[in-house]
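What follows is one structure encoded as structure tokens, with my remarks underneath.
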There are 2 protein chains.
Amino acid sequence: MSELVQLVARLGAQARAAARTLATTPAARIDAALRAMADELLAAETAILAANALDVAAARANGQTAALIDRLTLDPKRLAACAEGLRQVATLPHPVGEILREWTQPNGLKFAKVRVPLGVIGFIYESRPNVTCDAAGLCLKSGNAVILRGGSEALRSNTAIAAALSRGLAAAGLPAAAVQLVPVADRDTVRLLGESTGIIDLLIPRGGRGLIETVMKTARVPVIKHYDGICALYVDKAADLAMATAIALNGKVQRPGVCNALETLLVHQDVAATFLPKIAEALLRAGVQLRVDDAARAALGSLATTFSALVASATEADYRTEFLDLIIAVKVVADCAAAIEHIETHGSHHTETIVTADAGTAEHFLAGIDSAVVLWNASTRFNDGYQFGFGAEIGISTDKLHARGPMGLEELTSYKYIVRGTGQVRG
Amino acid sequence: MSELVQLVARLGAQARAAARTLATTPAARIDAALRAMADELLAAETAILAANALDVAAARANGQTAALIDRLTLDPKRLAACAEGLRQVATLPHPVGEILREWTQPNGLKFAKVRVPLGVIGFIYESRPNVTCDAAGLCLKSGNAVILRGGSEALRSNTAIAAALSRGLAAAGLPAAAVQLVPVADRDTVRLLGESTGIIDLLIPRGGRGLIETVMKTARVPVIKHYDGICALYVDKAADLAMATAIALNGKVQRPGVCNALETLLVHQDVAATFLPKIAEALLRAGVQLRVDDAARAALGSLATTFSALVASATEADYRTEFLDLIIAVKVVADCAAAIEHIETHGSHHTETIVTADAGTAEHFLAGIDSAVVLWNASTRFNDGYQFGFGAEIGISTDKLHARGPMGLEELTSYKYIVRGTGQVRG
């Protein structure tokens, strides 16, 4: 235990020193380092893939899910994509140094609000080795040192990757500790990172509920969570049925395991009997299980019998659940106000969408929903940094402070005020 | 204890309901409420001043400091200033609803990043009844519900003020619970507010070290601290001596008890022998105690003997102390880089200033110091919302996330993304 404390303290001290160097490193040298990191990643292909093969074999032996093993597995193509990702980040504009605002006060003091790095970022994430590269690239580009704590199943892969990245940093003359990996799988390191007050400026936990709840319970440093998405679609009485069906299908079926997938379907009572059977049939034929309230069951009519294996009665808990699976909770609501009320009291403020041809109703919904992303006539699956045109993201924040929704380079920065005077004192 | 838990839960539930109403309340109605609050404050003058007299008498009986009693005391003029403050906030532009960014993606989706309220703010502050009005006004103007937890010495005054403010809200047709006061002095309420996950969107503790450390240890909700200012002045070898002396005096003496007061004086070694005696004499004559390192003591020469009662040897701890008193820690440094190194490793990243005529040295300092506000040839006392031209502030953040430095209306908001489509789904 004491060894773990020393380990995290050492990583922290090295990261802080690196962060101080990065804060005044010219942009061109950071980009050179990103390219050198890409080079070293490709040069280390054999070692990285060998380490990854060991991780994958261990995961299989431990009976991990096919989904986890897929995310864990690297091959030459995926590794090349990681290197390409670093090269692309190198081409992006630098957020640090941007002057956000400039003004002069009557006493002659010249004020500038300038974008600066956050400092040291702690990033806790799932067992996806490619995320190690992506996160390192984004944090470095935004001038931050990062301490990476990936899922334990990927430890061997991540160790090989982090070593290559550090060689790239050193080759470019930057501190190798600008990117560090927690080199052990011990879960206590998550708690210790969260207790690193004065060392870690921002801790970003991304992953399962258990992990995020551990961080929330123990962290003393600022945290931006990438938590659950209990995303809802409200089909209004003025909806286009074909559009509503397409958006429901896309939200639920295209990639059910992600945070912007659809989990709740609300339908206006006036169109439940006509719309619900059509939308439900599309979902059922795609293998989606429906958890329905009584009104929805009534509206389904014979479908509930035909697909009886896929239709169950919803519990209150179902409307508060992120299924991440081919399951959707369905409810008939009185009107748009009732849909808003349901979403605000059951949802997770992540992503919600309304389908309606009525602009007034749409604007009521867009204003009344307090979620990171609220859409009108579009799929919830668009809550994503690339879809926003922001490029690479470190995740999707479910918090309201500092960063909400897709979190890219700008959200990895802070600001400071620079004030230039000629001897002014306060009267 | 269980009663306290219920109390804080009830305040939280009421605040959340109020926040949902405020999120869609038209700006004009919020301004009307601010004016009605000012009216009710003045109408309740007799009751408020009577309650305040009881608080002041109790504070005197308990042997509180003159400074605390001064901050605690209300009179008709101070109360009128509170009312006027609310009226002024009503005239300011509304931050909520501002479109921060708008763009369209190639697939036709129209994106807007829109400023929204944070929701429910918890504010913990010292025994200053006027802050009750100021904070209520700022939170309401930015569309937030607020739970106020003022210092226990001001409880009777705050209760009378909060009652008047709630009457004003009700008179304007807004939920009275948009502004609520924790009606008991029990310190456990601070912990309970910090544990109100999902209820409080932002907790702002302002006040002494003990209070803030309690919050940091126990809070589970997002916190922006208004913590200590260990502010430094670095007098470079290229400094104008008269300017350096004026800025040192202003920083230390004008108002020593505030967070932007000067606590550390660093002097370049090449000018220590010529500059330090002059600057030190001005400070000593103003009654300031100097805590000096050996080199500074040598530079002071006979002054150290003449003012022997006011000159002491500095300990390492002195350079990490917010004295909030007529005491300053003094150190001779090799150069600007050494000054930066000292500040970055001893300071609190609040406010630092350099006095120099050398623009290159100044820019080195401005870039190398990671503080909320960094000044060149100006007093640290300018780290203040009014001095920035921002107007009223809820405090000065010492955090790097979301808000840094003076924290006004904009910093009390978040944003959401509104996306308008025509049926787009993700491919």
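The values are calculated or read from the model by the stated rules, or taken from the named source; none is laboratory data. What you see is a predicted model; the values in this text were computed from it and never measured. Every residue, glycine as well, gets a Cβ built from its backbone with ideal geometry; the counts of neighbours run over all protein chains shown. Surface accessibility is based on the protein's heavy atoms, side chains included, excluding ligands, DNA and RNA. Shrake-Rupley method; radii C 1.70, N 1.55, O 1.52, S 1.80 Å.
The modelled label-to-label distance between B:Ala359 and B:Ala309, using points 7 Å beyond Cα along the C-beta direction, is 4.8 nm. For the set B:Met216, B:Met407, solvent exposure ranked by accessible area (probe 1.4 Å, protein chains only) runs largest to smallest as B:Met216, B:Met407. Less than 10 Å Cβ to Cβ from A:Pro95, Lys/Arg counted +1 and Asp/Glu -1: what total charge do the surrounding residues give? Charge balance in the 10 Å sphere: -1. Taking amide H positions as modeled 1.01 Å from N, with prolines and chain starts lacking one, the residues under 5 Å from B:Leu202 and 5 or more places away or on another chain are B:Val120, B:Gly122.
Run through the DSSP bridge list for chain B and note the antiparallel percent, rounded to the nearest 5.
Working: 16 of 55 bridges.
Percent antiparallel among DSSP bridges in chain B is about 30.
Ranked from shortest, the separations from the 7 Å Cα-to-Cβ label point of B:Gly173 to its equivalents in the other copies are 6.7 nm. Among A:Leu324, B:Leu375, the order of accessible area from largest down is A:Leu324, B:Leu375, computed with a 1.4 Å probe on protein heavy atoms. Running Debye on the stretch B:231-387 with equal point scatterers at the Cα sites and no solvent, what base-10 log of I(q)/I(0) appears at q = 0.11, 0.19 Å⁻¹? Listed by q, the Debye log ratios stand at -0.35, -1.13. Model label sites at B:Asn107 and B:Ala13, defined 7 Å from Cα along the beta-carbon direction, differ in position by 4.2 nm. Taking the axis that rotates chain A onto chain B, the chain A residue nearest to it by Cβ, with the distance rounded to whole Å, is A:His402, 2. When only alpha carbons are used to place a centre, the stretch A:41-71 and the stretch A:331-409 end up 36 Å from one another. Counting charges near B:Leu86 (Lys, Arg +1; Asp, Glu -1) among other residues having Cβ under 12 Å from its Cβ returns a value of -2.
Couplings 3J(HN,Hα) of the stretch A:175-186, computed from phi: x, 4, 6, 4, 10, 10, 10, 5, x, 10, 8, 3 Hz, in residue order, whole Hz [Karplus 6.51 cos²θ - 1.76 cosθ + 1.60, θ = phi - 60°; x for Gly and Pro].
The share of C-alpha pairs in the protein assembly as shown whose separation exceeds 53 Å stands at 17 percent. Between this copy and the others, label points of A:Thr345 are 5.8 nm apart in ascending order, each placed 7 angstrom from Cα in the Cβ direction. Among B:His364, B:His342, A:His349, the order of accessible area from largest down is B:His364, A:His349, B:His342, computed with a 1.4 Å probe on protein heavy atoms. Each residue was assigned an accessible area with a 1.4 Å probe, and for B:Asp358 the value is about 70 Å². The phi-based Karplus calculation (6.51 cos²θ - 1.76 cosθ + 1.60; θ = phi - 60°) puts the 3J(HN,Hα) values of the stretch B:412-427 at 8, 10, 10, 8, 9, 9, 10, 10, 10, x, 9, x, 4, 10, 8, x Hz, whole numbers, x for Gly and Pro.
Once fully extended, how much extra length lies between A:Ala317 and A:Ala334, figured as 0.36 nm per residue of separation less the alpha-carbon to alpha-carbon distance? The partial results should precede the final answer.
Working: separation 17, 0.36 × 17 = 6.12 nm, distance 2.04 nm.
That works out to 4.1 nm of additional length.
Test of understanding: extend the Cα→C-beta vector of A:Ser152 to 7 Å, then name every residue of the stretch A:1-15 with backbone N under 19 Å from that spot. Under cut-off, by backbone N: A:1-8. Per residue, chain B reaches -14000 deg cm²/dmol at 222 nm when only DSSP H runs of four or more residues are counted, each adding -39500 (n - 2.57).
Apply the membrane-span-like helix rule to chain A: whole DSSP H runs, Cα extent along the own long axis of at least 30 Å, mean Kyte-Doolittle hydropathy at least -0.5. List the helices found. Before the final figure, lay out each step's value.
Numbers: long enough: A:2-23 (31 Å, 0.47).
Sorted by number, the helices that extend far enough and score high enough are A:2-23.
Give the dimensionless ratio obtained when the Cα radius of gyration of chain B is divided by 2.2 N^0.38 Å. Can you show the working numbers first?
Working: Rg = 24.3 Å, N = 427, 2.2 N^0.38 = 22.0 Å.
Against the compact-globule rule of thumb, the ratio is 1.11.
Taking 7 Å steps out from each Cα toward its Cβ at B:Ser302 and B:Glu84 produces label points 5.1 nm apart.
Taking a Cβ cut-off of under 11 Å around B:His364, the surrounding Lys, Arg, Asp and Glu residues balance to a net charge of -4, with basic ones at +1 and acidic ones at -1. The stretch B:89-159 and the stretch A:209-284 have their alpha-carbon centroids 30 Å apart.
Measuring r between the beta carbons of A:Ala43 and A:Ala242 and using R0 = 51 Å, the FRET efficiency lands at 0.45.
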